[in-house]
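Heads up: the structure comes next, in structure tokens.
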Amino acid sequence: MMRFRAPAALLSIAAVTTSMMMITPASATDTDGAKLFKTRCGACHWDPHAAGEKPRLGPSLSGLSGRTAGTTDFKRYSKAMKASGIVWEPESLDAYLENPRKTVPGTTMAFPGLKKPDRRAAVVSYVLDAGK
């Protein structure tokens, strides 16, 4: 019976490839948060990690952590958002992103929400870490 013997170079390539595929949870969350932000939030909100902010349909998210909802110079906040009293912390942003219309009845944000907790956590981390 003949046995296959992989060349040492092939084994080295396999080891390097395997080690490159191992990503730490923190960097995976950051990467996922950036991707999710771009695909789910980027149409209406400027990326808070990007320089040179340009006006978008939704308010700026730069410096969101600890800010009270509806308090920037953005002109199109709903009355409900202004009156919500929400302070943007991880828990409040998570609840809002899960179901914006349930969290702030009367909000004008058309986004239906992110139902998966891991995706919300990635976006929350990405948005609230901007400007720290």
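The values are calculated or read from the model by the stated rules, or taken from the named source; none is laboratory data. All values reported here derive from a predicted model rather than from experimental measurement. Positions of Cβ are generated from backbone atoms using ideal geometry, with glycine treated the same way; all protein chains shown enter the neighbour counts. Protein only, heavy atoms only, side chains kept; ligands, DNA and RNA dropped before computing areas. Shrake-Rupley method; radii C 1.70, N 1.55, O 1.52, S 1.80 Å.
Do any chymotrypsin sites (Phe, Trp or Tyr not before Pro) in segment 44-132 lie in a DSSP loop with no more than 11 other beta carbon atoms within 10 Å, and if so, which?
In loop regions of segment 44-132 (DSSP not H, G, I, E or B), there are no sparsely surrounded chymotrypsin sites (Phe, Trp or Tyr not before Pro).
Determine the per residue accessible area of segment 34-111 with all protein chains present and a 1.4 angstrom probe, expressed in square angstrom.
That works out to 60 Å² per residue.
What list of ³J(HN,Hα) couplings, whole Hz, do you get for segment 42-57 from phi and the Karplus terms 6.51, -1.76, 1.60, once you set θ to phi - 60° and write x for glycine and proline?
Going residue by residue, I get x, 5, 10, 10, 5, 5, x, 8, 8, 7, x, 3, 10, x, 10, 4 Hz, with x marking Gly and Pro.
List the pairs from Lys54/Lys82; Lys79/Lys102; Lys54/Lys115; Lys54/Lys102 whose alpha-carbon separation is above 25 Å, in the order I gave them.
Beyond 25 Å between Cα atoms: Lys54/Lys115; Lys54/Lys102.
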